[in-house]
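Below: the structure, in structure tokens.
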Amino acid sequence: MPSLPERVGLDVGGTRLKAGRISFDGRVLDERSVAVPADGKELADTLVAVARELGAEHSVGLGLPGLIDRERGLVLDSPNIPQLEELPLGELLSGALGLESVHLENDANAAALGELWLGAARGAEHALVVTLGTGIGGGLVLDGELFLGAGLAGEIGHVRIDPAGPICGCGGHGCLETLASATAARRRALERGLPEDDPGNLELLAERGRDPASPEGELLFEVGRDLGIGLSTAVCLLDLRTFVIGGGFAAALDALGPGIRAGIRAGAYGDRVDLVRILPATLGSSAGWIGAASLALR
Ligand SMILES: [Zn+2]
């Protein structure tokens, strides 16, 4: 056993499984990205094979989308990857690889742990790491540690912005993710026929949205403002001043930024917004597995 143990983390996304091995002091030693199989049994086999290739010993960390049962080591509910549900992943991995423990965590929380360890949230005492993608996930850092509450804290994507708004995957109406996720931005762009020559093209929308006077810029201001109103709840409730924005749609952060600040200004009292930092995440799609790896060997 090495004197400074290495850690292995895996992160299951909608289409890709990202995984890697990292040294105790945060040097990435190996990294993999493979397709996520559609079948649950195959997915479990793939997780075992990748963890084995990476030389997992003692324990691994696993980031997964959905509602996690950390004690039993399984995913209870995963709207985007239903093949994960009720698979005894903890048992399967520890049994196949002879591990002492397998640590499961929600993917947004895993990304937050990654950004906290080696990314934009490094050194932050209190922060919310927001994953802006197909949906909106959040990982809450309080006193330098991931805060789970009774288990589900940080779910900023399901803060209610408009009770009369679109229906959400959670069953509610007008949750933040129905208004400000990549999916929502695409829907709102399509409703307006933007961009005109290629409606619903998010990359084009983000590129043209850099001009605030363009129709794309106006839309992204509105989307950003809704996001900011969502974040203002965290400013009011927790006096948070650091927000780290990652996920695929964070590529549009330049264009979303002014709207985000306007939304926080509208939603939080006084001039709290002037104290708020909005930082782009720095680990990209590696944040999840790196954060999951940080759970191993704790
Ligand atoms: Zn919701």
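Pairs needed: first member in region 69-86, at positive phi and of a type outside the set (Phe, Trp, Tyr); second member anywhere, surrounded by 15 or more Cβ atoms within 10 Å (Cβ to Cβ) and not in a loop (DSSP other than H, G, I, E, B); C-beta distance under 7 Å; at least 6 residues apart or different chains.
Gly73/Leu89; Gly73/Gly90; Gly73/Val102; Gly73/Leu104; Glu86/Leu74
Does region 230-257 hold any residues that are assigned to a helix (DSSP H, G or I) and under 21 Å from Gly14 (Cβ atoms), and which are they?
Result: Gly248, Phe249, Ala250, Ala251, Ala252, Leu253.
Can we say Ala56 is over 20 Å from Leu283 (Cα atoms), touching a residue at least 40 places away in the same chain (Cβ under 8 Å), over 20 Å from the mean Cα position of the chain (by Cα) and exposed (fewer than 14 other Cβ atoms within 10 Å of the Cβ)?
Considered against the rule, which asks whether it is over 20 Å from Leu283 (Cα atoms), touching a residue at least 40 places away in the same chain (Cβ under 8 Å), over 20 Å from the mean Cα position of the chain (by Cα) and exposed (fewer than 14 other Cβ atoms within 10 Å of the Cβ), Ala56 comes out as no.
Being away from the ligand (no atom under 16 Å from the Cβ), at pLDDT below 95 and small (Gly, Ala, Ser) is true for just one of Gly200, Gly209. Which residue is that?
Of the residues listed, the single one that is away from the ligand (no atom under 16 Å from the Cβ), at pLDDT below 95 and small (Gly, Ala, Ser) is Gly200.
Looking at region 159-187, which of its residues are over 14 Å from Phe249 (Cα atoms) and away from the ligand (no atom under 12 Å from the Cβ)?
Ala164
Within region 215-239, track down each residue that is touching a helix residue (DSSP H, G or I) at 6+ places or on another chain (Cβ under 9 Å), without any contact (Cβ under 8 Å) to a residue 60 or more places away in the chain and not acidic (Asp, Glu).
Of everything in region 215-239, those that are touching a helix residue (DSSP H, G or I) at 6+ places or on another chain (Cβ under 9 Å), without any contact (Cβ under 8 Å) to a residue 60 or more places away in the chain and not acidic (Asp, Glu) turn out to be Pro215, Gly217, Leu219, Leu220, Phe221, Val223, Gly224, Arg225, Gly228, Ser232, Val235, Cys236.
Restricting attention to region 81-88, does a residue exist that is surrounded by fewer than 15 Cβ atoms within 10 Å (Cβ to Cβ), in a helix (DSSP H, G or I) and in contact with a strand residue (DSSP E or B) (Cβ under 9 Å, 6 or more places away or on another chain)?
Taking every residue of region 81-88 in turn, none turns out to be surrounded by fewer than 15 Cβ atoms within 10 Å (Cβ to Cβ), in a helix (DSSP H, G or I) and in contact with a strand residue (DSSP E or B) (Cβ under 9 Å, 6 or more places away or on another chain).
Of the residues Gly144, Gly171, Gly193, only one is within 21 Å of Gly9 (Cα to Cα) and more than 13 Å from the chain's Cα centre (by Cα); which?
Gly144
Only one of these is in a helix (DSSP H, G or I) and not small (Gly, Ala, Ser): Leu62, Leu93, Leu99. Name it.
Leu93
Given the condition outside the structural domain of Gly157 (by TED's automatic domain parsing), modelled with pLDDT under 95 and in contact with a Gly (Cβ under 8 Å, 6 or more places away or on another chain), answer yes or no: does some residue in region 19-28 qualify?
Checked region 19-28: no residue is outside the structural domain of Gly157 (by TED's automatic domain parsing), modelled with pLDDT under 95 and in contact with a Gly (Cβ under 8 Å, 6 or more places away or on another chain).
With the structure loaded, tell me whether Val244 is within 16 Å of the ligand (Cβ to nearest atom), not charged (D, E, K, R) and not assigned by TED's automatic domain parsing to the domain that holds Gly66 or whether it fails that test.
Criteria not met by Val244.
Tell me, yes or no, whether region 17-29 has at least one residue that is within 17 Å of Leu87 (Cα to Cα), in contact with a Phe, Trp or Tyr (Cβ under 7 Å, 6 or more places away or on another chain) and not hydrophobic (A, V, I, L, M, F, W, C).
No, region 17-29 has no match at all.
Please specify each residue of region 248-276 satisfying the condition of being surrounded by fewer than 24 Cβ atoms within 10 Å (Cβ to Cβ) and within 18 Å of Gly135 (Cβ to Cβ).
Gly248, Ala250, Ala251, Leu253
Considering each of Leu128, Leu99 in turn, give the residue that is within 15 Å of Ala287 (Cβ to Cβ) and either outside the structural domain of Ser23 (by TED's automatic domain parsing) or in contact with a His (Cβ under 8 Å, 6 or more places away or on another chain) (or both).
Just one listed residue meets the conditions, Leu128.
In region 258-290, which residues are part of a helix (DSSP H, G or I) and either closer than 22 Å to Val12 by Cα or touching a Ser or Thr at 6+ places or on another chain (Cβ under 6 Å) (or both)?
Ile264, Gly267, Gly284, Ser285, Ser286, Ala287, Gly288, Trp289, Ile290
Residues of region 115-149 being at pLDDT below 95 and more than 16 Å from the ligand (Cβ to nearest atom), which ones?
none
The values are calculated or read from the model by the stated rules, or taken from the named source; none is laboratory data. These numbers were taken from a predicted model, which means no experiment stands behind them. Positions of Cβ are backbone-derived with ideal geometry, glycine not excepted, and every protein chain shown enters the neighbour counts.
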